[in-house]
1. I need a count of the residues in the stretch B:18-41 that are within 15 Å of B:Arg106 (Cβ to Cβ), at the interface with chain A (Cβ under 9 Å from one of its Cβ atoms) and among the aromatic types (Phe, Trp, Tyr).
2. Would you point out which residue out of A:Gly42, A:Gly58, A:Gly66 is closer than 24 Å to B:Cys87 by Cβ and within 13 Å of the chain's Cα centre (by Cα)?
3. For B:Leu59, only one of the following conditions fails: (1) aliphatic (A, V, I, L, M); (2) touching a residue at least 24 places away in the same chain (Cβ under 8 Å); (3) under 20 Å from A:Phe106 (Cα atoms). What is its number?
4. Any chance the stretch A:37-57 includes a residue that's more than 14 Å from chain B (Cβ to nearest Cβ), charged (D, E, K, R) and in a strand (DSSP E or B)?
5. If B:Ile44 satisfies all but one of (1) among the hydrophobic types (A, V, I, L, M, F, W, C); (2) within 13 Å of chain A (Cβ to nearest Cβ); (3) not in a strand (DSSP E or B), what's the number of the condition it fails?
6. Out of the residues in the stretch B:48-74 that are within 14 Å of chain A (Cβ to nearest Cβ) and assigned to a strand (DSSP E or B), which is farthest from B:Gly102 (Cα to Cα)?
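The values are calculated or read from the model by the stated rules, or taken from the named source; none is laboratory data. From a predicted model like this one, the values you see are computed outputs, not experimental measurements. Here the Cβ positions follow ideal geometry from the backbone for every residue, glycine too, while neighbour counts run over all protein chains shown.
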Amino acid sequence: KAGVTQTPRYLIKTRGQQVTLSCSPISGHRSVSWYQQTPGQGLQFLFEYFSETQRNKGNFPGRFSGRQFSNSRSEMNVSTLELGDSALYLCASRGQGYLSGNTIYFGEGSWLTVV
Amino acid sequence: GIQVEQSPPDLILQEGANSTLRCNFSDSVNNLQWFHQNPWGQLINLFYIPSGTKQNGRLSATTVATERYSLLYISSSQTTDSGVYFCAVDGPPSGTYKYIFGTGTRLKVLA
């Protein structure tokens with residue numbers, strides 16, 4: 001069974017640009033969540049989607065947005081990039097059901113550098 | 001919101017040594033997981049353990065929910081165990097799956 005796939009793995013953007021990151025969850029998983037990891041703030045929750053609906057959102061400005069498609073793939077977008085948005089962005093997926101419904105599995109992440 | 005503290009922040013071991021990593025949390029939790037972050041950044045799921053004890057090879061974990069802590073044991077450590085270990089918890093209300101991560105324990109195992 002394939003794991004969580006994130007693309008692109010590495011990217012460099014200029015301040016003021018926008019970026020879109022993609023995440024394909026484990027087959028059959030309908031929940032996708034996103035996290036940001038920086039040296040200063042650690043790992044922080046961005047948002048969670050389930051069946052195309054955003055269910056939870058972390059404390060990030062409106063420049064950070066996301067969506068989920070009917071096939072459970074998710075994208076997150078950051079507009080008007082700032083230097084402080086440089087980070088590792090991690091996507092996680094979660095299944096349903098008693099046996100597998102509570103464990104989240106992470107992808108390899110997307111390394112974003114803003115210059 | 002819920003606070004998560006991990007200790008020690010850094011740990012250096014000789015290969016073959018045993019270690020215990022601790023995670024304290026400030027409120028009741030619905031979900032708790034331990035992760036190992038490898039040098040390439042990926043978070044590898046080690047245990048889903050909101051309560052009780054689990055073992056997987058050289059690793060084991062115990063969560064005492066009533067006392068709000070969890071422990072990760074690494075026995076006979078190997079150089080491949082190096083990396084950062086994170087505890088992540090999801091507190092009330094239930095069903096949010098909004099994990100709060102600790103600041104991690106950075107482990108280095110020397111050959």
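1. Residues that pass the stated criteria total 1.
2. Values: A:Gly42 fails: within 13 Å of the chain's Cα centre (by Cα); A:Gly66 fails: closer than 24 Å to B:Cys87 by Cβ.
That would be A:Gly58, the only listed residue that is closer than 24 Å to B:Cys87 by Cβ and within 13 Å of the chain's Cα centre (by Cα).
3. B:Leu59 satisfies every listed condition except (2).
4. Looking for residues that are more than 14 Å from chain B (Cβ to nearest Cβ), charged (D, E, K, R) and in a strand (DSSP E or B), one finds none in the stretch A:37-57, hence no.
5. The one condition B:Ile44 does not meet is (3).
6. Per the stated criteria, the residue is B:Asn56.
Condition check ((1) surrounded by 13 or more Cβ atoms within 10 Å (Cβ to Cβ); (2) modelled with pLDDT under 95) across all residues:
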| site | (1), (2) |
| --- | --- |
| A:Arg15 | no, no |
| A:Ser22 | yes, no |
| A:Ser27 | no, yes |
| A:Arg30 | yes, yes |
| A:Gln36 | yes, no |
| A:Gln54 | yes, yes |
| A:Phe60 | yes, no |
| A:Leu88 | yes, no |
| A:Cys91 | yes, no |
